[in-house]
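**Student:** There's a structure below that I have some questions on.
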Amino acid sequence: MQRLVFARLEFLGRFARNRGALIGAVLILVVALMALLAPLFFPVDPLRIVGQPELWPGEDPDFPLGTDSLGRDMLSMIVHGARATLLIGLFASAVATLIGVSVGATAGYFGGWIDEIAMRAAELFQTIPNLIFVLTIVVILGSTLTNIVIAIGIVSWTPIARMTRAEFLSLRDREFVQACRAMGMGDLKIIAAEILPNALPPVIVLSSLVVAGAILFESAVSFLGLGDPNVASWGRLVGDGRLLIRSSWYICAIPGVAIMITVLCLNLIGDGLNDALNPKLRDR
């Protein structure tokens, strides 16, 4: 127990030494709290028309960030949009990680024809442009949050699968794995209980970066008009304001800055996790 506590404290200490990662984590925590408390601060539907169209930020104290072309409160849509954007990023990353770890672990552990088929499938997915693939899936399945999450997860699993496979290839013939086989332990138990925990650190780092990529994918899908029409996401706000970019550029700029800051913070967190979890970088 003491060893586990010490390991956690050591990890937090290494992570905290990366100032960029620490700042990113604080800002992401602020965005997450904003998304969590959105119904408390703005209980009214954010897509409801509440004021005069195209009020600039600061022009009306009731709408600090102004209103869009229809008269909807920009601040309310930004706060509620944080919830949709973060949920899509997290769940899409979870789907991609689940698929990638499953495929990579199976391919790396068993090898042979299973490895060959899995890697050829990964290469097939990588030959298709990701954004076009996501748009095709969304058009076929429908423009709902669930379908967008599934589409992004389907196109994002290949790097995680390759990373997991590489880790399993380096670990499957280690002494502790051979000892488990000699004891009669089943393959599934060896994969899940012995090899996977040792292979997870680089996978966790990569999964954190997939969250940032998923947010950008969702923004692109919503910008092109294929997002969920019943949800106020940041990508949709940018898409709604693109026709007024010359006269009311703030409608695009405010959610665009929110996307930029969030993705930047997630990338900084990924760097911090890499520094903390990668044994080659612990003393950097």
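The values are calculated or read from the model by the stated rules, or taken from the named source; none is laboratory data. The shown structure was predicted, so the numbers you read here are calculated from the model rather than taken from an experiment. All Cβ positions, even for glycine, are placed from backbone atoms using ideal geometry, and neighbour counts span all protein chains on display. Surface accessibility is based on the protein's heavy atoms, side chains included, excluding ligands, DNA and RNA. Shrake-Rupley method; radii C 1.70, N 1.55, O 1.52, S 1.80 Å.
**Student:** For region 147-221, which trypsin sites (Lys or Arg not before Pro) are both in a DSSP coil and crowded by at most 15 other Cβ atoms within 10 Å?
**Tutor:** Hits after loop and neighbour filter: R174.
**Student:** Show me the helices of the chain, taken as full DSSP H stretches, that run 15 Å or more along their long axis by Cα and average 0.5 or above in Kyte-Doolittle hydropathy.
**Tutor:** Span-like helices here: 19-36, 74-110, 130-141, 145-156, 196-223, 250-277.
**Student:** Right, something else. Rolling a 1.4 Å sphere over the protein heavy atoms, what is the accessible area per residue of the chain, to the nearest Å²?
**Tutor:** Here the per-residue accessible area is 53 Å².
**Student:** Find the relative contact order for region 53-187 and round it to a whole percent, using C-alpha pairs within less than 8 Å whose residues are 6+ positions apart.
**Tutor:** 26
**Student:** Now for a separate question. In region 209-281, which trypsin sites (Lys or Arg not before Pro) are in a loop and have at most 13 other Cβ atoms within 10 Å, using DSSP for the loop call?
**Tutor:** R246
**Student:** Using the crude model of +1 on Lys and Arg Cβ and -1 on Asp and Glu Cβ, and no other charge, please compute the dipole size for region 155-199 relative to its Cα centre, in debye to 20.
**Tutor:** Once rounded to the nearest 20, the dipole reads 100 debye.
**Student:** Continuing with this model, one more query. How large, in percent, is the carbon and sulfur part of the accessible surface of region 61-111 at a probe radius of 1.4 Å?
**Tutor:** Answer for region 61-111 is 76 percent, counting heavy atoms of protein chains only.
**Student:** Could you sort the peptides 126-133, 93-100 by per-residue average Cβ neighbour count (10 Å cutoff), highest mean leading?
**Tutor:** Ranking, from highest mean packing down: 93-100, 126-133.
**Student:** Would you work out the charge dipole size for the chain about its Cα centre, treating the Cβ of every Lys and Arg as +1 and the Cβ of every Asp and Glu as -1, and quote it to the nearest 20 debye?
**Tutor:** Roughly 780 debye, rounded to the nearest 20.
**Student:** Given a Förster distance of 41 angstrom, what is the FRET efficiency for I245 paired with L124, based on the Cβ-Cβ distance and rounded to 0.05?
**Tutor:** According to the calculation, E is roughly 0.60.
**Student:** Here's a follow-up. Most fluctuating residue of P61, P39, P53 in a GNM of the chain with Cα springs under 10 Å: which is it?
**Tutor:** Per the Cα network of the chain with a 10 Å cutoff, P61 tops the list.
**Student:** Roughly how many debye, to the nearest 20, is the charge dipole of region 126-234 about its Cα centre, given +1 on each Lys and Arg Cβ, -1 on each Asp and Glu Cβ, and no other charges?
**Tutor:** In total the dipole reaches around 200 debye.
**Student:** Rounded if a/c is under 1.5, else prolate if a/b beats b/c, else oblate: with a ≥ b ≥ c from the C-alpha gyration tensor eigenvalues square-rooted, which is region 1-141?
**Tutor:** Because a/c hits 1.5 or more and a/b fails to exceed b/c, region 1-141 counts as oblate.
**Student:** Once amide H atoms are built 1.01 Å from N in the peptide plane, which residues 5 or more positions from L70, or in another chain, come under 5 Å H to H?
**Tutor:** Distant-sequence amide H within range of L70: E54.
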